[in-house]
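Heads up, the thing below is written out as structure tokens.
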Amino acid sequence: MAGSSNAQTADRAKLPHGQQQPLKAPTSKLRILSRIIAMLIGASMVAVALEIFLVNNSIIDGGITGISIMLAHLFHLPLGIFLTLLNIPFLFLGYKQIGKTFAFSTLGAVIVMSVGTALLEPVKPITFDPLLAAIFGGVILGAGVGLVIRAGGSTDGSEIVAILINKKTPFSVGEIIMFINVFILTSAGFVFGWNNAMYSLIAYFIAFKVIDITNEGIDQSKSVWIISDKYKEIGDALTQRLGRGVTYLEGEGAYSGDSKKVIFVVITRLEEAKLKSIVGDWDPDAFLAVGNIHDVKGGGRFKKKDIH
């Protein structure tokens, strides 16, 4: 730690008098604008899913949104009022514990979502079939929430609660959110009836999956690590037959002490079978490790080359 501190002091000494080294790189205006647009579109989609599909069919979402739908039904008040009031305390917690960028992004999303539900309240729902409402409402809801998350915010304070509880308990954020939502969706059975509670569970499951797709992409990327004595032949084959650039890394066996070349390459999930076939053709005994990647950026290496 001391060495790191001294290095930082030395770097700052090279700057002109009175200037300090920035703690983080500035965010471009274009990137900020793109996040704002994504947040606006995402929150608007959530409002559409709630008012045009779910609420009028007595189907709820999980978290604070689900509680707000039940309270709006019981007290005969606009949904937007409860969406705003119930999320405000959690926004304060998010500001203190997670950061102001997250808090302000979430605040913007909640405001757009609340105003959107108020504007759409007089609009007739597209369908009164609860199954269709659960399916299409869940898809639109999940896509909207996914866009807001990608913009750096959230639409629901229960996620903030889960993050805070996770810091003090052995349970993961996902497990805590699941427990909260099981309780909320069960409560919906007493308010709207058990058929609607089961439709709510369908909508929640669909939305959950669509959130993942929105954040990770349909064509999910995979990282591949290959260790083989025929690394050159395999690397050339992957470049020529698969159209992917590869990187050779230096490795050393901990037990044998032998030097090894490690091939690293990023592919799509649709290319995994072909890659395994290529590696198996050259070295059936090659060590092969494949992992999922949620995002790939920069470097230009992931751009697919022409296959010859």
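Pairs over the 27 Å Cα-Cα cut-off, from the set K167/K222; K230/K274; K222/K261; K29/K96: K167/K222. Label positions at M198 and Q97, each projected 7 Å from the Cα along the C-beta direction, are separated by 3.6 nm. Between N292 and S223, full extension at 0.36 nm per residue minus the direct alpha carbon distance yields a gain of 24.2 nm. Reported to the nearest whole Å, the Cα centre-to-centre distance from the range 56-128 to the range 272-292 is 48. Extending 7 Å from the Cα toward the beta-carbon at both I165 and D212 defines two label points whose distance is 2.1 nm.
With a 1.4 Å probe and all protein chains in place, put W225, W194 in order of accessible area, largest first. All intermediate terms of the calculation are to be shown ahead of the outcome.
Values: W225 105, W194 130 Å².
Per-residue accessible area, sorted high to low, gives W194, W225.
At full extension, V182 and A118 could sit 20.3 nm farther apart than now, given 0.36 nm per residue minus the alpha carbon distance.
The values are calculated or read from the model by the stated rules, or taken from the named source; none is laboratory data. Please read these numbers as outputs of a predicted model, since none were measured by experiment. Here Cβ is always computed from backbone atoms with ideal geometry, including for glycine, and neighbour counts include all displayed protein chains. Protein only, heavy atoms only, side chains kept; ligands, DNA and RNA dropped before computing areas. Shrake-Rupley method; radii C 1.70, N 1.55, O 1.52, S 1.80 Å.
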